[in-house]
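The values are calculated or read from the model by the stated rules, or taken from the named source; none is laboratory data. Bear in mind that the values here come from a model prediction, so they are computed numbers and not experimental data. Here Cβ is always computed from backbone atoms with ideal geometry, including for glycine, and neighbour counts include all displayed protein chains. Accessible surface areas use protein heavy atoms only, side chains included; no ligands, DNA or RNA. Shrake-Rupley method; radii C 1.70, N 1.55, O 1.52, S 1.80 Å.
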Amino acid sequence: MAGEEHRGAAEERGPSGASGVPALEVAGIQKWFGPVHANDDVSVAVAPGTIHGIIGENGAGKSTLMSIVYGYYQADGGEIRVGGEPVTIRGPEDAISHGIGMVHQHFMLVDTFTVLENVVLGVEKGYLLRSTLVEARQELERLEREYGLDVDPDAIVGSLPVGLQQRVEILKALYRGADILILDEPTGVLTPQEVDDLFRILRALRDQGRTIILITHKLREIMALTDRVTVMRAGRVVDHVATAETDRAQLAAMMVGRSVLLHVDKDEAAPGEALLQVENLAVRDRGGVLRVQDVSFAVRAGEIVGVAGVAGNGQSELLEALAGTLACERGSIALGGAPAPAGGRAEAARAMRRRGLGHVPEDRQRMGLVTAFDASESGILGYHREQRYNPRMLLSRGAVTDAVGRTMEDFDVRPPLPHLRTANFSGGNQQKIVVGREMGRSPDVLLVGQPTRGVDIGAIEFIHRKLVAMRDAGKAILLVSVELDEIMSLSDRILVMFDGAIVGEVAQADADERTLGLMMAGERADGAGAAGA
């Protein structure tokens, strides 16, 4: 997309707003959470009418900083200035009163309300809503015309695709008078086409004089969209740079403190026999809703098959059914040429593990770990009955600690302390505990859900190398990810799911964002619209 396109535009614009008073400035911000120094003398100035990126690894302090700006946290030291004037922000209401709005990663909308009702919620003028709604409708029409934010004000929010729900969040902030708009990881649940649309809207807002602050871990988005970027590491600011004067490799090195490989280095796959076969699979979720519809595919030894799709299109239920934790309504699963046991029971999942299946679940905290346990206990979940941990029919703490300690070293878990409570590890290191537990056993078939969700760029590189090494060792890997870069980089073949069905298959060599994005939105590979689309 275009780092190059952006660079040209940025050079023409010049350092927009570089002269004069910053729209938003934080000076010497300090924030402690117990012994953790989350923000250490952080200073950032955001020029008016620009898009300013803030990037950093997990725990770098960027989200903490923006939470202070929006009033969720109170700083232990330092100052916030808006338009050059010091302000006190005790909560979101204060932030809004100073013209600061925030669009959260997880939308703050009431699904059963209309767009119009969501926009006015919390800023109603008196007890009678009629006049408020009439005025709000007129203002929404103006904002939609001015910024290309078309959305039906009478639509029920829960019926809208996520791209339009995000527009509602932006409209909410603008309706409340936001001149400074903070977006936290705004593209995590969007299709590529929705990402392009969001970028168009943000550029329009910037060009009309609004100031945008973008928190993201996606370097390509930083390069494509921002005018300046602040890099944070370990609670401190590493540098502020003009986007047109840097590149992804330089930013990654500043974030991590070393050079980082930004592409997946792998040879051509040499697939063997099918180790996982799925035929006409249909799966209902625990609420009885049909989530997977007549899905068939195979994964062969020595290949990575990626499953692309916007979250909520059946990928989660597919993985759980294959792992044995969710029952199938119909169809069949074969592992190593033999039928899999009926799922939905703990014994089925144990049997699949005994037969050489590993499973990295999508949600590490809900399914992969018990955060109240020590890392040594989380590091053997699902395998705790193995003989090596129970040499005398009783669990041996020493054997567990030794085994998990070796895995932590092999998978670069920091700190490598088996007795540390799981909750005390960062999200990225929690992920490496799960990945190490499952991959460390060298299963014949590995199911991987969102392997790098919430993981910083250095850990992403490490996990990707481990997955490619498993493939090259002749293992079969099924990868589910909402990150298209990850799917296209790692996969040898790509399946696309929409509304519970596979709408097409693409070889890695033929995959591009536009093709996959259209399929993720329901366009079948043969050009026909997907059923129910």
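For residue 313, the test of being among the polar types (S, T, N, Q), assigned to a strand (DSSP E or B) and within 18 Å of residue 502 (Cβ to Cβ) is failed.
Taking the criterion of being open to solvent by 10 Å² or more (accessible area, probe 1.4 Å), assigned to a helix (DSSP H, G or I) and not charged (D, E, K, R), the residues of region 155-172 that qualify are 158, 159, 162, 163, 164, 165.
If you go through region 348-366, how many residues are part of a helix (DSSP H, G or I) and modelled with pLDDT of 90 or more?
Step one: list which residues in region 348-366 are part of a helix (DSSP H, G or I), which gives 348-354, 364-366.
With modelled with pLDDT of 90 or more added as a condition, the list becomes 348-354.
Qualifying residue count for the region: 7.
Across region 417-427, the qualifying residues are those that are at pLDDT below 90 and assigned to a loop (DSSP other than H, G, I, E, B), and the one among them that is farthest from residue 374 (Cα to Cα) is 426. Scanning region 367-384 for residues that are in a strand (DSSP E or B) and open to solvent by 60 Å² or more (accessible area, probe 1.4 Å) gives no hits.
Answer with yes or no whether residue 455 is in a strand (DSSP E or B), aliphatic (A, V, I, L, M) and either surrounded by 24 or more Cβ atoms within 10 Å (Cβ to Cβ) or out of contact with any Leu (no Cβ under 8 Å at 6 or more places or on another chain) (or both). Please lay out each step first, then the result.
Values: in a strand (DSSP E or B): no; aliphatic (A, V, I, L, M): yes; either surrounded by 24 or more Cβ atoms within 10 Å (Cβ to Cβ) or out of contact with any Leu (no Cβ under 8 Å at 6 or more places or on another chain) (or both): yes.
No; evaluated as a whole, the condition is false for this residue.
Is it the case that residue 291 is open to solvent by 50 Å² or more (accessible area, probe 1.4 Å) and farther than 29 Å from residue 380 by Cβ? It is true that residue 291 is open to solvent by 50 Å² or more (accessible area, probe 1.4 Å) and farther than 29 Å from residue 380 by Cβ. Counting only helices (runs of 4 or more DSSP H) that sit wholly inside region 186-265, those with at least 1 residues that are touching a Pro at 6+ places or on another chain (Cβ under 9 Å) and β-branched (Val, Ile, Thr) are 192-207.
If you check residue 286 against the conditions, is it open to solvent by 60 Å² or more (accessible area, probe 1.4 Å) and not in a loop (DSSP other than H, G, I, E, B)? Don't jump to the end; show me each part of the working.
Working: open to solvent by 60 Å² or more (accessible area, probe 1.4 Å): yes; not in a loop (DSSP other than H, G, I, E, B): no.
No: the conditions fail for residue 286.
All conditions in (1) assigned to a helix (DSSP H, G or I); (2) within 17 Å of residue 362 (Cβ to Cβ) hold for residue 515, with the sole exception of (2).
In region 262-285, which residues are charged (D, E, K, R) and touching a Ser or Thr at 6+ places or on another chain (Cβ under 6 Å)?
Taking region 262-285 first, the residues charged (D, E, K, R) are 265-268, 273, 279, 284-285.
Of everything in region 262-285, just one residue is charged (D, E, K, R) and touching a Ser or Thr at 6+ places or on another chain (Cβ under 6 Å), namely 279.
What's the total number of residues in region 91-144 that are assigned to a loop (DSSP other than H, G, I, E, B), touching a residue at least 40 places away in the same chain (Cβ under 8 Å) and more than 24 Å from residue 180 (Cβ to Cβ)? Residues flagged as assigned to a loop (DSSP other than H, G, I, E, B), touching a residue at least 40 places away in the same chain (Cβ under 8 Å) and more than 24 Å from residue 180 (Cβ to Cβ) within region 91-144 amount to 4.
Among 50, 132, 112, 88, which is surrounded by fewer than 18 Cβ atoms within 10 Å (Cβ to Cβ) and modelled with pLDDT of 95 or more?
On the way: 50 fails: surrounded by fewer than 18 Cβ atoms within 10 Å (Cβ to Cβ); 132 fails: modelled with pLDDT of 95 or more; 112 fails: modelled with pLDDT of 95 or more.
Exactly one of 50, 132, 112, 88 is surrounded by fewer than 18 Cβ atoms within 10 Å (Cβ to Cβ) and modelled with pLDDT of 95 or more, namely 88.
To keep it simple, each residue is scored yes or no on (1) open to solvent by 20 Å² or more (accessible area, probe 1.4 Å); (2) on the phi > 0 side of the Ramachandran plot; (3) not hydrophobic (A, V, I, L, M, F, W, C).
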{"site": "194", "(1), (2), (3)": "yes, no, yes"}
{"site": "198", "(1), (2), (3)": "no, no, no"}
{"site": "207", "(1), (2), (3)": "yes, no, yes"}
{"site": "222", "(1), (2), (3)": "no, no, no"}
{"site": "240", "(1), (2), (3)": "yes, no, yes"}
{"site": "245", "(1), (2), (3)": "yes, no, yes"}
{"site": "249", "(1), (2), (3)": "yes, no, no"}
{"site": "261", "(1), (2), (3)": "yes, no, no"}
